[in-house]
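The values are calculated or read from the model by the stated rules, or taken from the named source; none is laboratory data. Here the structure is a predicted model, which means the values were calculated and not measured. In this analysis, Cβ positions are derived from the backbone assuming ideal geometry, glycine residues included, and neighbour counts consider all displayed protein chains.
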Amino acid sequence: MAGYEYQALDRQGRAVKGVIDGDAERQVRALLRERGLTPLYVGAIRTQPETGAQARRPWRGRRGISGSELALLTRQFATLVRAGLTLEECLNALIEQTESARTRNILAGVRGRMLEGQSLARSMANFPQAFPDIYRVMIDAGEQSGRLVEVLERLADYTENRQALRQKVLLAFIYPALVTTVAVAVVALLLVYVVPQVTRVFENTGQALPLVTRVLISISDFARASGLVWIAGGTIALVAFVAALRSPAVRFRWHHLLLRLPVIGRVTRGVNAARFADTLGILTASGIPLLPALQSAVPVVNNLPMRAGVEEALRQVREGGSLSRSLGKTRLFPPLVIHLIASGESSGRLDAMLQRAAEAQARELENWVKALTALLEPVLILVMGVIVLFIVIAILLPIFEMNQLIK
């Protein structure tokens with residue numbers, strides 16, 4: 001049987017939509033009529049690409065579900081399971097609820113594989129671009145332990161917290177980036193268009209121009225003569241840099257450099273440490289042993305040197321070492337995280353300490369980013385004001401001198 005989505009009218013003339021199983025479109029239309037519905041549209045839900053290499057490897061390399069959409073779906077899934085609905089009924093409700101055709105197809109594919117007898121985790125494994133490894137590991141642990149409802153609620157909290165942290169960091173830097181872009185555009189417009197129009201008048205008078213005016217004219221001439229060359233060169237350099245980052249060795253060195261920078265390094269270290277602690281904490285709290293949990297938490301660390309440190313810690317823990325001591329040797333994770341992990345290991349409450357470390361790190365990162373952006377805003381405005389003041393003085397000084405000569 002295949003899944004079909006439909007739109008129909010009930011006996012009162014109200015529009016309804018949903019998902020129904022059937023062997024063919026004609027059979028589905030007949031089933032709808034038996035339920036007293038007048039079908040308007042019936043279409044098969046594709047659960048995998050039909051041709052090419054993607055047909056042999058369903059959904060690999062394709063776009064999955066966005067972080068915000070996955071967080072919302074997980075919360076809705078947890079609510080439906082808590083209400084006592086079967087997994088099939090939950091997936092049907094989610095398919096009807098979502099407006100994205102891509103997400104409906106993914107959920108229908110999961111539902112179809114469950115109807116074939118696979119578990120929920122194995123069904124989701126067919127769509128790795130939509131459901132990350134940690135997601136499937138936790139679902140599998142919940143199914144095996146019979147605590148799927150609890151695991152889904154923790155997973156909903158995890159996805160929401162992770163998405164919230166990402167949005168806070170991004171939103172904090174949107175305003176400075178916007179101010180910088182506008183400032184560069186305004187200064188470029190002044191140098192390329194406004195300044196030449198004004199300074200041309202001074203040059204025709206034949207008077208000796210002040211030093212700041214001559215400097216401004218030189219900068220304006222340079223921008224007009226080679227501005228496009230610099231823009232093209234910068235674009236080419238950016239494209240070459242992005243292409244070079246595809247090499248693991250180059251990307252590793254770049255990530256290592258980011259960690260050494262005063263501002264960016266602290267943000268990078270904080271984000272990855274909070275994500276790692278949160279992931280490992282929720283995995284261990286779901287009943288997953290430390291070694292499998294640690295192995296599943298490795299991919300969530302985006303910075304390559306920090307990920308290499310976690311992999312080395314995994315090797316040492318597998319040999320009987322302590323997690324806190326192994327992570328401490330890397331000197332890449334914040335000391336607060338290391339101390340809380342050590343406290344959790346000694347007290348037997350590692351999951352709780354990891355969650356506390358993640359919360360503390362996220363809160364510290366949020367406060368630090370707020371302070372940084374609060375400092376950047378006046379600095380950017382001050383720099384913009386100084387540049388505009390320089391341009392205004394360079395233009396007004398010759399005018400003042402001309403007035404003095406007239407008097």
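Across the stretch 313-329, a minimum of one residue is classified as surrounded by fewer than 18 Cβ atoms within 10 Å (Cβ to Cβ) and hydroxyl-bearing (Ser, Thr, Tyr). Counting the residues of the stretch 89-116 that are of a type in the set (Gly, Ala, Ser) and assigned to a loop (DSSP other than H, G, I, E, B) gives 1.
The set of residues from the stretch 354-370 being farther than 18 Å from GLU160 by Cβ and touching a residue at least 40 places away in the same chain (Cβ under 8 Å) comprises ALA357, GLU364, TRP368, VAL369, LYS370.
Candidates in the stretch 39-56 are the residues that are surrounded by 14 or more Cβ atoms within 10 Å (Cβ to Cβ) and out of contact with any helix residue (DSSP H, G or I) (no Cβ under 6 Å at 6 or more places or on another chain); of these, the one that is modelled with the highest pLDDT is ALA44.
Answer yes or no: is there a residue in the stretch 1-11 that is at pLDDT below 75, in a strand (DSSP E or B), of a type in the set (Ser, Thr, Tyr) and over 27 Å from ALA156 (Cα atoms).
The answer is yes; a qualifying residue exists.
When ILE288 is tested against (1) under 23 Å from GLU160 (Cα atoms); (2) in a helix (DSSP H, G or I), only condition (2) is not met.
Yes/no matrix, rows are residues, columns are (1) loosely packed, with under 11 Cβ neighbours inside 10 Å; (2) within 30 Å of ASN272 (Cβ to Cβ):
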| residue | (1), (2) |
| --- | --- |
| ALA183 | no, no |
| VAL186 | no, no |
| VAL194 | no, no |
| ARG200 | yes, no |
| SER218 | yes, no |
| PHE222 | no, no |
| ALA244 | no, yes |
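Listed by position, the helices (runs of 4 or more DSSP H) inside the stretch 117-209 whose residues that are over 28 Å from PRO398 (Cβ atoms) and at pLDDT 80 or above number at least 3 are 120-124, 133-145, 148-189.
Of the residues contained in the stretch 127-143, none is found to be of a type in the set (Lys, Arg) and over 25 Å from GLY109 (Cβ atoms).
Please go through the stretch 231-260 and give me each residue that is part of a loop (DSSP other than H, G, I, E, B) and of a type in the set (A, V, I, L, M, F, W, C), ordered by number.
Matches in the stretch 231-260: LEU245 only.
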